[in-house]
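Below is one structure, written out as structure tokens, with a few remarks after it.
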Amino acid sequence: MSWPGSLLVLLAVSPIVMFVAHAIAYRALSRAGARPSAHSSALIALAGAFVAVCAVAWRLGIFDPTLGVTTALCTVAYLTAVYGALAILYIDVVNIAETSLHMHLLLELAWSDGMPVADLLERYSADRMIAARLERLTSIGQIRITDGRCHIASRSSLYLVSGLDAWRVVLGLPTRPPEAVDEPSAARRTSR
């Protein structure tokens, strides 16, 4: 098979590699006592899978320097771009499976063969949802909870949010929820 064909086959099977790496990473982190979330273990797995895919690409001769430096560099760029797009898609699937209330409710009902509405309302109360999000943010190092107060632990997501806010401004979309626009932040703090 030619190197372009090998590259396409490798990229076509890379989602399977991501899935297997994610299963291994989650189990390994759990056994190590790290309390991984689906998201944190997926990020670790995607990085490891990328190294594996690059190693296989190298072994298959996809980065053949005899084809020229430009071809080799373009191949690396193409592999990285396509793998990155597939990784984002994988994270989106993990996100849907992990955070979608719609999916959780449907799966909960499917696994239990029906549940009382009162149990569902208690299980998916606002307090429980916020607690789950706080746990997730803590496990990925975005926040820390000290003496009952939440603090920013890593500003990395805030930098991303700043970029998304700029994108929303360019598109003309609102950058704050409607209640945040109508109500000054000082008034919100004193009313609680």
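The values are calculated or read from the model by the stated rules, or taken from the named source; none is laboratory data. All figures in this text were calculated on a predicted structure; none of them were measured in a lab. Side chains are part of the model used for accessible areas, which takes the heavy atoms of the whole protein and leaves out ligands, DNA and RNA. Shrake-Rupley method; radii C 1.70, N 1.55, O 1.52, S 1.80 Å.
Structure summary
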{"item": "Choice from Tyr159, Tyr124, Tyr90 with maximal GNM fluctuation in the chain (Cα, 10 Å cutoff)", "result": "Tyr159"}
{"item": "Choice from Leu164, Leu134, Leu29 with maximal GNM fluctuation in the chain (Cα, 10 Å cutoff)", "result": "Leu164"}
{"item": "Protein accessible area in the stretch 9-54, 1.4 Å probe - carbon and sulfur %", "result": "76"}
{"item": "Rounded to 10°, Cα long-axis angle of helix 69-99 versus longest principal axis of the chain", "result": "30"}
{"item": "GNM result for the chain, Cα springs below 10 Å: residue of Ser41, Ser30, Ser156 fluctuating most strongly", "result": "Ser156"}
{"item": "Normalised contact order of the chain, rounded percent, pairs of Cα under 8 Å and 6 or more residues apart", "result": "17"}
{"item": "Whether the stretch 91-158 is rounded, prolate or oblate, judged on the alpha carbon gyration tensor where a/c under 1.5 counts as rounded", "result": "oblate"}
